[in-house]
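The values are calculated or read from the model by the stated rules, or taken from the named source; none is laboratory data. These figures come from a predicted structure and were not determined experimentally. FYI the Cβ positions are ideal-geometry reconstructions off the backbone, even for glycines, and counts take in every protein chain you see.
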Amino acid sequence: MSENNLSMATEEVLRIEHLSINFGGLKAVDDLSFEIRDREIFGLIGPNGAGKTTVFNCITQFYRPTEGRVLFRTKEGRVEDLVGQPVHSIIRKGLVRTFQNVELVNELSVLDNVLVGAHIDFKSSGLAQALRLPGARREEKKMREKAQEVLEFMGIAALQNEVAGGQPYGVRKKVEMARTLMCGPKLIILDEPAAGLNDVETQQLAESIHQVREKYECTVLLVEHDMRLVMNICDRICAISFGKFLACGTPSQIQSDPHVQEAYLGEKEDEA
Ligand SMILES: Nc1ncnc2c1ncn2[C@@H]1O[C@H](COP(=O)(O)OP(=O)(O)OP(=O)(O)O)[C@@H](O)[C@H]1O
Ligand SMILES: [Mg+2]
């Protein structure tokens, strides 16, 4: 495929162009375009079933979009279309995500769950690691130290040897976020990070998202139903409904947009 027109403005990290995906007869995402700039905290909002998680799945190539392009500026600074690329190669390029339902290995410790996020960064071969050759041991030690540093940063270092399964939801979410930080992310995608958190935990989360951006010098894309959180922390927001673009702009532009208001009012009436 020609790479001639893989161009993005220098400040852009991700550019979605005319993205569509069909499930049977349903157009879950329908000709959606938006772009995210370096170091932005960018929100994707929309009523239940609007297609937000599906957009994430199309970006990370968990689903292959029916049409459109997902241009991404990699860690190395190359612009690539991610469509059709294998999921693991996308993580290596600096794009990582968390899931709407926290996905941890319950039987493993908090620390080991974070180390799972690092294994893609291991440079030693599987054989060198299995034989525990000195290079692999050194690397493992380095990774453990990095995991401990990340857990410290997230404020849960004291729990590192506890089994992940028994931890409260707020802690599990932090473990998942810690895991994304292990592979030197450039863009972190968070699917409903505040779901299930209380007010204090949500406030802490808002602070950690800001701190993550500063310390790890990355961009954040998030889906979130907690409007207070979205409006507080996002630099810009894209609103969608039935898979279609509604509006994109600053929190105040989005709040006063008539299409957005209509989409949310419609949802309330449906629920009544
Ligand atoms: N794998 C799939 N197969 C068939 N339909 C799907 C699939 N995944 C999602 N859908 C449908 O696509 C639409 C968008 O779903 P999606 O989960 O992306 O919405 P969402 O905006 O994330 O919703 P929520 O706010 O509830 O998380 C829904 O109608 C959903 O039923
Ligand atoms: Mg969803």
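Data overview
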{"item": "Qualifying residue in region 58-68 (condition: aromatic (Phe, Trp, Tyr), within 13 Å of ligand 1 (Cβ to nearest atom) and assigned to a loop (DSSP other than H, G, I, E, B))", "result": "yes"}
{"item": "The one condition in (1) charged (D, E, K, R); (2) at pLDDT 80 or above; (3) on the phi > 0 side of the Ramachandran plot that ARG132 fails to fulfil", "result": "(2)"}
{"item": "Inter-residue pairs, beta-carbon under 7 Å, first within 20 Å of GLY84 (Cβ to Cβ) and in region 4-30, second aromatic (Phe, Trp, Tyr) and within 16 Å of ligand 2 (Cβ to nearest atom), 6+ apart", "result": "ILE21/TYR63"}
{"item": "Within region 22-46, considering residues that are near ligand 1 (Cβ under 7 Å from one of its atoms) and at negative phi, the one surrounded by the most Cβ atoms within 10 Å (Cβ to Cβ)", "result": "ALA28"}
{"item": "Complete set of residues in region 84-110 that are more than 16 Å from ligand 2 (Cβ to nearest atom), part of a loop (DSSP other than H, G, I, E, B) and under 16 Å from ILE189 (Cβ atoms)", "result": "GLN85, LYS93, GLY94"}
{"item": "Verdict on PHE72 being among the hydrophobic types (A, V, I, L, M, F, W, C), in contact with a Cys (Cβ under 9 Å, 6 or more places away or on another chain), under 29 Å from PRO251 (Cβ atoms) and more than 16 Å from ligand 2 (Cβ to nearest atom)", "result": "no"}
{"item": "From LEU181, LEU265, residue being at pLDDT 90 or above and either within 19 Å of LEU14 (Cα to Cα) or not charged (D, E, K, R) (or both)", "result": "LEU181"}
{"item": "LEU44 being under 18 Å from the mean Cα position of the chain (by Cα) and within 13 Å of ligand 2 (Cβ to nearest atom)", "result": "yes"}
{"item": "Hey, VAL79 more than 15 Å from the chain's Cα centre (by Cα), buried (at least 18 other Cβ atoms within 10 Å of the Cβ) and closer than 30 Å to MET143 by Cβ or not", "result": "no"}
{"item": "Of residues in region 215-234 being under 16 Å from the mean Cα position of the chain (by Cα) and of a type in the set (D, E, K, R), the one surrounded by the fewest Cβ atoms within 10 Å (Cβ to Cβ)", "result": "GLU217"}
{"item": "Selection from region 184-196 of residues that are modelled with pLDDT of 90 or more and away from ligand 1 (no atom under 16 Å from the Cβ)", "result": "PRO185, LYS186, LEU187, ILE188"}
{"item": "Conditions (1) more than 8 Å from ligand 1 (Cβ to nearest atom); (2) surrounded by fewer than 19 Cβ atoms within 10 Å (Cβ to Cβ): number failed by THR53", "result": "(1)"}
{"item": "In region 70-92, the residues that are more than 16 Å from ligand 1 (Cβ to nearest atom) and in contact (Cβ under 8 Å) with a residue 40 or more places away in the chain", "result": "LEU71, PHE72, ARG73, THR74, LYS75, VAL79, GLU80, ASP81, ILE91, ARG92"}
{"item": "So VAL223, is it more than 16 Å from ligand 2 (Cβ to nearest atom) and farther than 24 Å from LYS146 by Cα", "result": "no"}
{"item": "Matching residues in region 53-69 - criterion: being in contact (Cβ under 8 Å) with a residue 40 or more places away in the chain, farther than 14 Å from PHE23 by Cβ and among the polar types (S, T, N, Q)", "result": "THR60"}
